[in-house]
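Bear in mind these aren't lab numbers, they're just calculated from the coordinates by the rules spelled out. Owing to the predicted nature of the structure, the values given are computational and were not obtained by experimental measurement. Cβ placement follows ideal geometry from the backbone for every residue including glycine, while neighbour counts extend to all protein chains displayed.
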């Protein structure tokens, strides 16, 4: 019997994390460190201004500058090696998913499925790759959350009003963005299904091109493929349009929030409540905050599209392997597979029977494949 596989997206995600936790854990830690250092860069620049320039102390200026250099070096190397860990886990998981569905399709007993070969190919390529990207997306989501928390903690220490504005504004912007993300996820699922259907039909059409020409049915077949291909094109354009809506809404809302933060910070600086270095740090953090806000806004859409691929992949692998009926009573050299016919000792060669009736086939021992 085949090894049980996850039949829904969340178990599949948990299994992916368990299989690669040795690379994912250091990768997540390093990417979180990268985001932490990137968040602290405006703060470090503000410290250089306050302690190194305004104090007119050469030693303090050199010390604070060296701290900034160390921060930038840590930022660069943590991103480099963290990404290597994550991408390695992503590629290995995609490879395992591809080999898993290939092993399922090539099972000696055959797999009962109504999918065309091109649809199975789409599962083993595009869907498998997108499922693996979930672990990559999760790393950036964790890093974005960490950066928002760090910004909020620092700003609360500098100014309570600005800190509360960020703590209230970021969740509000993220919540409003969630209105569009289900549309992106739904259209992404529809796009993947239409692309798989078009791929399957194209493969089927190429396999049967000669018989179609023989009966003069190529025009009908081409017309059918043209219709399916146009549907896939329409779905792809719809997904791109949805991402455009999401990006535009995120940019507008995050821009309004950042403008409000910058306005309040500038007013507080004019009132003398903030130093020049603190003002520089707040403006820098405000500009930087746009990136994690966009990341958090796109997270649910990315996960929605990936979960659509998860669902398609799980349904494809969950197709039951056909049990050989009457196998116990079959002659030793007989070939018995339903709905596939396996001949003689070549039991690993499976020829699927799809939408056609086969003539009687005899194995080398003259055993007839039983009717299904």
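Below, the figures for the structure above:
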| read-out | value |
| --- | --- |
| Length gained when the stretch residue 264-residue 168 is fully extended (0.36 nm per residue, less Cα-Cα span) | 33.1 nm |
| Using a Förster distance of 25 Å, the FRET efficiency for residue 233-residue 106 (Cβ separation, nearest 0.05) | 0.20 |
| Residues residue 76 and residue 241, FRET efficiency given R0 of 35 Å [Cβ-Cβ distance, rounded to 0.05] | 0.45 |
| Scaled radius of gyration (Cα, divided by 2.2 N^0.38 Å) that the range 160-224 gives | 2.30 |
| Translational D in µm²/s for the range 137-181 (Stokes-Einstein at 25 °C, 0.890 mPa s, Kirkwood Rh from C-alpha pairs) | 216 µm²/s |
